[in-house]
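This report refers to the structure that appears directly beneath it.
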Amino acid sequence: MTQSRGVGEVLAACRAEGRAALVGYLPVGYPDVPSSLRAMETLCDNGIDIVEVGMPYSDPLMDGAVIQRAATQALEGGVRVDDVFRATAAIRAKGVPPLVMSYWNLVLRRGVARYAADLAAAGGAGLITPDLVPEEAQDWIDASAAEGLDRVFLVAPSSTSERLAVVTGATRGFVYAASTMGVTGARTSVGDAAADLVARTREHTDLPVCVGLGVSTREQAAEIATYADGVIVGSALVACLEDPDVDAGLERLAALTRELAAGVREGRR
Amino acid sequence: MSTPPTPSPGRFGQFGGRYVPEALIPALEELDEARQKAMLDPEFLDELDALHRTYTGRPSIITEVPRFAAHAGGARVILKREDLNHTGSHKINNVLAQCLLTKRMGKRRVIAETGAGQHGVATATAAALMGLECTVYMGKVDTERQALNVARMRILGAEVVAVEHGSATLKDAINEALRDWVTNVGHTHYVLGTVTGPHPFPEMVRDFHKIIGEEARQQVLDLTGRLPDAVVACVGGGSNAMGIFHRFVEDEGVRLVGVEAGGEGIEGDRHAARFATAEPGVLHGAMSYLMQDDEGQTLETHSISAGLDYPSVGPEHSFLRDTGRAEYRYATDEQAMEAFRLLCRTEGIIPALESSHALAGAIEVGRELGPDALILVNLSGRGDKDMHTAARWFGLVEDDGQSTPTSAAVETGGAECVSAVEPEGGVQA
């Protein structure tokens, strides 16, 4: 594995700066493939540390209304799995590590080993799997090891101590802590569950722990940055692109990214 | 990395498993433990047995249908009458048991998905009986074709949520129910209605329905002195089929025949014949045969029966299929409707459109096996809920479904209808 490919180096650098990393999610193909690549580059130009490339899926059961609408539009626009690899290459060219977030059947259908090889070849740092737990993931664990890719599994407020041990034991890169029980989407408050979950997770691993689900504002980012290694923002970024004027949407996206980047720096520990 | 994770339980060969968000794993483990304890607890089993006898009306009877059988190659045909259960289908078996489990787990709310409405009505019924809050998710397309069942659920006190995204059918209702469950799992149990989903659902739902096959096997033995040559059942998710198949799996001489929805024919994309066209994939928490495109996106399906309009199938069916223990055919909308009309006119029984697919399958199996054969068919539900669809199909009402029958339509649907099922037709292998 080349050290520069993974997200660990970036998270370590952020930690050395005494701040949390900012991780931004956007789906490829929304509002269309070329614009989505521009949007991801916009994130890179405005202070994002790691980009999550979402692959639209017909049955996104972990996603709320904003991301599901975007995914539906992207699929109607003809987005293909190959477009994910175009996106990862574009992000890598900006010097930012790209992580793909994909529902499992899309990986399975392509072939787990082939998917891993294609992702690595396109500069991908790894994969986040919202509907794949370690017990079902042996093929992916083997393939990601062979290609030097990170594998980001999720923990949730409902995770028991035993589950935290299993999940963190299989994870490479960072642990994704779901802040609340529920699906993606901006919320007014992230709540206490996230801090408790991060603390419980750290009892089992030295890996960085990043918090996602429900984060949308600079203030929330600053608050989470006081206890987490990274702050993950999705729906709020996607919502910027709902503007029918693509350029105006990208401007809103740039502004929000800068705000959030400031937020993670305000939460210095 | 530490030691490799132990694979999830609940596999049927390569099929099954648990492909769900981490947030649900603790709930699935809690459910698995609760149901295993319950199945060994005489108090639970007695309570469930009493509900079966005094509320559902079990054991359901069997009915021999000789006038219908005359159109099935003259074989003896016996129906297992799950349509006579309270709420009109087999679904109540599973729902009563899961709602009892919900109470044992200390949860106060149940959610469910429904396609045709049978499972939704059963869940709303059990929730009313046991004082549980109830929300039912239903695709908007299905709420329109099953409006009567929507009213029924609401009268029973359930909230019915029409799901408008995706194809607005059963699979999207399951997505929405899973979202609700992820959010509210602390006080809510998801009463999944069929033998799919993450472990322990496929195994648990099968076990709550295996009473169908246990009763039927003994009833057929008592009536005929022998086991049937074939057991035939429709397969959407596959719960009624697993329920009746399970007790016969060890009986090697008994053919197990599942009948899927062939819709408008499998040449195009308007069908739900998974075993005829699909390949293994993951949907709704389980690995099974799945109708998907070359990238793994779920394909839309079609059936005249909302209950069979589902792109995947219970993982145990996939296992039975790949091991050759069970065989799966399909019946088109047209073949199912002809079987529907035939049973109505020859035996005075109005079957559900789902069950009509099994009847169409029985016609073909009977013609293949000949007059010495004995065929057991699971009549999984009654057709009251499908009257609107049937009336439109046969031209008994105007297209808006509101009008009174025309005399011409009534005449067309007269006694001569029996001959309409005489031509070869039948079910495709």
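Express the accessible area of the stretch B:1-91 per residue in Å², computed with a 1.4 Å probe while the remaining protein chains stay in the model. Write out the running numbers ahead of the final one.
On the way: 3910 Å² over 91 residues.
In whole numbers, the stretch B:1-91 has 43 Å² accessible per residue.
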Query raised in the report: Once phi is turned into θ = phi - 60°, what whole-Hz ³J(HN,Hα) does the Karplus curve with 6.51, -1.76 and 1.60 give for every residue of the stretch A:191-202, x standing for Gly and Pro?
Result: x, 7, 4, 5, 4, 4, 5, 4, 5, 5, 5, 5
Query raised in the report: Around B:E113, which amide H atoms from residues at least 5 apart in sequence, or from another chain, sit under 5 Å from its own amide H, with H modelled in the peptide plane?
Result: B:Y137, B:G193
Report task. Give the relative contact order (percent, whole number) for chain B; include only Cα pairs under 8 Å separated by 6+ residues. Result -> 19 percent
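Cα convex hull of chain B: how many Å³ per residue?
Values: hull volume 61.8 nm³, N = 429.
Each residue corresponds to 144 Å³ of Cα convex hull volume.
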Query raised in the report: Can you give the accessible area of B:S167, probe radius 1.4 Å, in Å² rounded to 10?
Result: 20 Å²
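For the B and A pair, go ahead and give the buried accessible area with a 1.4 Å probe, both sides summed, in Å² to 100. Before the final figure, lay out each step's value.
Working: alone 16480 and 10560 Å², together 23680 Å².
Chains B and A together bury approximately 3400 Å².
Over all residues in A:53-60, what is the mean tally of Cβ atoms on other chains that come within 10 Å of each residue's Cβ?
Details: counts 0, 0, 2, 1, 4, 15, 12, 4.
Averaged over the peptide's residues, the number is 5.
Order B:K171, A:K94, most accessible first, counting only protein heavy atoms with a 1.4 angstrom probe. Could you put the intermediate results ahead of the total?
Numbers: B:K171 10, A:K94 90 Å².
So the residues, ranked largest to smallest area, are A:K94, B:K171.
For chain B, give the magnitude of the charge dipole about the Cα centre (Cβ charges: +1 Lys/Arg, -1 Asp/Glu; no others), in debye to the nearest 20. Could the numbers behind the result be given before it?
On the way: 39 positive and 61 negative charges, 242 e Å.
In debye, rounded to 20, chain B gives about 1160.
Give me the inter-chain shielding for A:102-110: mean count of other chain Cβ atoms within 10 Å, whole number please.
On the way: counts 1, 5, 6, 12, 6, 2, 8, 11, 3.
Counting other chains' Cβ atoms within 10 Å and averaging over A:102-110 gives 6.
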Query - Cα centroid separation - the stretch A:62-124 against the stretch B:1-53, whole Å - result: 33 Å
Requested in this report: Find the lysine pairs in the protein assembly as shown meeting two conditions, Cα atoms under 15 Å apart and a separation of 8 or more places or different chains, and report how many there are.
Outcome: 6
**Report entry** Spatial separation of Cα centroids for the stretch B:329-353 and the stretch B:153-186, in angstrom
**Finding:** 30 Å
Report task. Name the residue, out of B:P280, B:P21, B:P228, whose mean-square fluctuation peaks in a Gaussian network model built on chain B with Cα pairs under 10 Å. Result -> B:P21
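Dividing the Cα convex hull volume of the stretch A:4-103 by residue count, how many Å³ per residue is that?
99 Å³
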Query - Nearest-20 debye value, the stretch B:169-243 charge dipole, Cβ charges on Lys, Arg, Asp, Glu - result: 100 debye
**Report entry** Interchain or long-range residues, amide H under 5 Å from B:T332's placed H
**Finding:** B:G262, B:Q428
Requested in this report: Would you check the accessible area of A:I141, probe 1.4 Å, heavy atoms only, in square angstrom rounded to 10?
Outcome: 10 Å²
**Report entry** HN-Hα J in Hz across the stretch B:364-377 - Karplus 6.51, -1.76, 1.60, θ = phi - 60°, x for Gly and Pro
**Finding:** 5, 4, x, 5, 6, 8, x, x, 7, 7, 10, 10, 9, 10
Query raised in the report: What residue among B:G238, A:L61, B:A276 has its Cα farthest toward the positive end of the dipole of the protein assembly as shown, where the charges are +1 on Lys, Arg and -1 on Asp, Glu, each on the Cβ?
Result: A:L61
Query raised in the report: At 10 °C and 1.306 mPa s, what whole-number value in µm²/s does Stokes-Einstein give for the translational diffusion of the stretch A:187-255, with Rh from the Kirkwood sum over Cα pairs?
Result: 120 µm²/s
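Of all GluC sites (Glu not before Pro) in the stretch B:138-232, which ones are in loop regions per DSSP and have a Cβ with at most 13 other Cβ atoms within 10 Å? Can you show the working numbers first?
Working: sites: B:E144, B:E159, B:E164, B:E176, B:E203, B:E214, B:E215; in loops: B:E164.
Sparse-neighbourhood loop GluC sites (Glu not before Pro): B:E164.
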Requested in this report: Starting at the first residue of the stretch A:238-251, write each ³J(HN,Hα) from the Karplus equation 6.51 cos²θ - 1.76 cosθ + 1.60 with θ = phi - 60°, in whole Hz, x for Gly and Pro.
Outcome: 4, 4, 4, 7, 6, 4, x, 8, 4, 4, 5, x, 5, 5
Report task. For chain A, calculate the relative contact order in percent as a whole number, restricting contacts to Cα pairs under 8 Å that are 6 or more residues apart. Result -> 23 percent
Query raised in the report: Under a 1.4 Å probe, what is the accessible area of chain A per residue, stated in Å²?
Result: 33 Å²
Query raised in the report: Taking only C-alpha pairs under 8 Å that are 6+ residues apart, what is the relative contact order of the stretch A:198-269 in percent?
Result: 36 percent
Report task. Taking only Cα atoms and a 10 Å spring cutoff, compute GNM fluctuations for chain B and point out the largest among B:T125, B:T224, B:T194. Result -> B:T224
Report task. Would you mind telling me which residue in A:G77, A:G173, A:G214 has the biggest mean-square fluctuation in a Gaussian network model of chain A, where springs connect alpha carbons within a distance under 10 angstrom? Result -> A:G77
Report summary line: Taking N as the residue count of the stretch B:48-184, its alpha carbon Rg divided by 2.2 N^0.38 Å gives 1.19
Report summary line: Inter-part gap, Cα centre of the stretch B:72-112 to Cα centre of the stretch B:219-271, in whole angstrom, is 17 Å
Query - the protein assembly as shown - mean residue ellipticity at 222 nm from DSSP helices (-39,500 (n - 2.57) per run, n ≥ 4, rounded to 500) - result: -13000 deg cm²/dmol
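Based on DSSP loop calls and a cut-off of at most 12 other Cβ atoms within 10 Å, the longest stretch of chain A free of exposed GluC sites (Glu not before Pro) is what?
A:18-202
In what order, largest first, do B:E252, B:E327 sit by accessible area if the probe radius is 1.4 Å?
Values: B:E252 165, B:E327 55 Å².
Heavy-atom accessible area, descending, gives B:E252, B:E327.
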Requested in this report: Send over the Kirkwood Rh of the protein assembly as shown, from the inverse of the averaged 1/r over different Cα pairs, rounded to one decimal Å.
Outcome: 26.3 Å
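Taking only the Cα atoms of the stretch B:1-118, how large is their convex hull per residue, in Å³? List each step's numbers first, then the result.
Values: hull volume 23.4 nm³, N = 118.
Once divided by residue count, the hull of the stretch B:1-118 is 198 Å³.
The values are calculated or read from the model by the stated rules, or taken from the named source; none is laboratory data. Quantities reported herein were computed from a predicted structural model and do not represent experimental measurements. Virtual Cβ from ideal backbone geometry, glycine too; neighbours counted across all protein chains shown. Side chains included, ligands, DNA and RNA excluded: accessible areas come from the protein's heavy atoms. Shrake-Rupley method; radii C 1.70, N 1.55, O 1.52, S 1.80 Å.
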